[in-house]
1. Please report, in whole Å, how far the alpha carbons of segment 3-206 spread along each principal axis, starting with the longest.
2. Give me the orientation-averaged projected area of the Cα convex hull of segment 249-373, in nm², one decimal.
3. Enumerate the residues in segment 160-187 having an amide nitrogen under 15 Å from the point lying 7 Å beyond the Cα of Asn200 toward its Cβ.
4. Can you send over the carbon and sulfur percentage of the accessible area for segment 217-390, probe radius 1.4 Å, protein chains only?
5. Take the alpha carbon atoms of segment 265-315, find their center, do the same for segment 40-109, and report the distance between the two centers in whole angstrom.
6. What are the ³J(HN,Hα) values, in whole Hz, obtained from phi via the Karplus relation 6.51 cos²θ - 1.76 cosθ + 1.60 with θ = phi - 60°, for each residue of segment 153-160 in sequence order, with x given for Gly and Pro?
7. Counting Lys and Arg as +1 and Asp and Glu as -1, each charge on the Cβ, what is the dipole of segment 3-206 about the Cα centre in debye, to the nearest 20?
8. Per residue, how many Å² of accessible area does segment 113-182 show with a 1.4 Å probe?
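The values are calculated or read from the model by the stated rules, or taken from the named source; none is laboratory data. Model, not experiment: these values are computed from the prediction. Here the Cβ positions follow ideal geometry from the backbone for every residue, glycine too, while neighbour counts run over all protein chains shown. For the accessible areas, the whole protein counts, side chains as well, though only heavy atoms, and no ligand, DNA or RNA atoms are used. Shrake-Rupley method; radii C 1.70, N 1.55, O 1.52, S 1.80 Å.
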Amino acid sequence: MTFEKLGLSEKVLTAVTQAGYEIPTPIQAQAIPVALKGRDVLGIAQTGTGKTASFVLPMLTLLERGRARARMPRSLILEPTRELAAQVVTEFETLGAEHKLTVALLIGGVSFDEQVRKLDRGADVLIATPGRLLDHFQRGKLLLTGVEIFVIDEADRMLDMGFIPDMERISKLIPPQRQTLFFSATMPAEIKRLADNFLNNPERIEATRPSSTVDTIEQLLCYAPSDPKQKRAALREIMADQKVKNAIVFCNRKRDVAILHRSLVKHGLNAEAIHGDLHQTQRTATLEGFRNGDVTYLIASDVAARGLDIPDVSHIFNYDVPVHSEDYVHRIGRTGRAGRKGCAVTLVTSHEMRAISAIEKLVRKDIDWLGDPPSAKSRDDKPRSRASRRDSSGGRGGRRERSKENSAKPNNRKQASSQHNAAAAEAPQQSKTRTRRDKSARKAGKPGGKTVGLGDHVPDFLKRPAKPQS
Ligand code: AMP
């Protein structure tokens with residue numbers, strides 16, 4: 001398949017060649033001809049598949065006819081985060097180099113004035129986050145009745161960020177005869193309902209299976225102690241063991257982004273932090289520094305880093321296992337982009353094992369351990385997850401069996417020094433836990449701490465006298 005065969009205009013084809021794109025990616029090959037026919041598209045694709053160009057290229061072709069009017073944009077692209085919105089503007093600038101289209105970026109965290117000036121002059125393309133778009137609308141600076149093409153990007157992220165009511169409001173402000181291009185990496189029920197409401201007889205296009213992870217990414221899990229100081233030390237050791245060119249380190253909480261950032265800088269690493277509480281100018285400068293190689297480690301929260309297109313990230317480190325499995329897919333999708341190789345290492349504490357099982361189910365593969373997985377003993381200090389119970393009962397060829405397989409291989413990663421240290425650091429805590437448990441067991445008259453039957457606890461319903469059946 002070539003770009004020439006997709007039906008794009010001459011101007012667009014020239015810009016595509018200048019951008020160095022030689023062959024369309026699968027989502028582009030499927031979505032572009034459908035979008036050019038004016039049909040609605042339901043695209044299931046994650047970032048890194050070339051999905052942005054799959055809507056930017058047909059839009060450029062379609063917008064060649066007609067011109068913008070003041071305060072009445074002709075097309076609207078909704079993005080969940082400011083960074084993503086800014087990134088789509090860049091893609092428009094690259095691929096629209098041959099066009100004289102006006103692009104307005106409406107995002108929060110920056111002044112309204114410049115945005116209003118752009119709207120007044122007339123924008124062909126509006127790229128916006130939902131909140132700021134509605135702010136402009138409420139101030140009477142914007143009419144959406146001229147929108148012919150409506151793009152919703154990263155819909156599942158919009159859901160995570162609570163933007164569904166805003167999106168529904170926005171959709172009602174746009175004429176129903178518009179063309180809608182709707183993209184999501186995953187299709188939970190709420191997104192499906194939204195797509196059914198927003199789209200008119202769409203062509204469903206699935207570039208990769210839902211929530212799949214790109215094959216060029218090596219994925220690894222690594223057991224880490226729960227103690228924050230020891231966990232940070234474990235992370236530094238893993239980082240030192242890997243050949244890191246540049247990396248994004250994800251934390252679940254903004255607070256931990258800040259703490260980890262300070263700690264890594266203190267240990268001499270070239271790191272910057274990015275999260276939603278930072279001022280937009282600071283976020284932009286940090287990202288720019290990371291893109292151009294001035295910053296080696298970007299410590300990030302999910303919101304700030306979602307969908308970022310930084311073409312050459314060698315590693316992703318998940319300092320925490322993401323709470324939502326879908327976030328795992330998005331996080332690791334920051335590496336291995338456009339066919340490059342990447343590596344994603346996830347630190348796992350004993351109480352995060354359940355989340356790992358959910359992730360493995362979502363990505364439909366067992367992820368290898370860098371070193372030993374938490375042993376059954378080390379997991380005894382926490383309530384055991386269903387996954388671990390399955391493992392110990394010999395379930396689906398559990399994690400311990402996989403670990404044994406790993407250890408049989410020569411040059412096994414098990415040798416990683418970080419792992420031994422991390423496990424050793426956790427050890428004193430485990431023995432304390434076990435001692436406490438043995439003492440209470442002895443008190444209860446159960447030698448060796450083995451519980452027989454229901455132990456001391458007999459549920460109330462069993463103590464009730466049995467009623468004879470009539
Ligand atoms: P996206 O999935 O839209 O975030 O795109 C990921 C990266 O792939 C971006 O850096 C694009 O510039 C690049 N890209 C998109 N389409 C192509 C293509 N057909 N050939 C090569 N690179 C591409």
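1. That works out to 44, 40, 29 Å along the principal axes.
2. Numbers: hull surface 32.1 nm².
Value for segment 249-373: 8.0 nm².
3. 171-182
4. In segment 217-390, the share of accessible area belonging to carbon and sulfur is 49 percent.
5. 24
6. With the stated coefficients, segment 153-160 comes to 10, 6, 4, 5, 6, 4, 4, 4 Hz.
7. The calculation lands at about 740 debye.
8. Accessible surface, normalised per residue, equals 38 Å².
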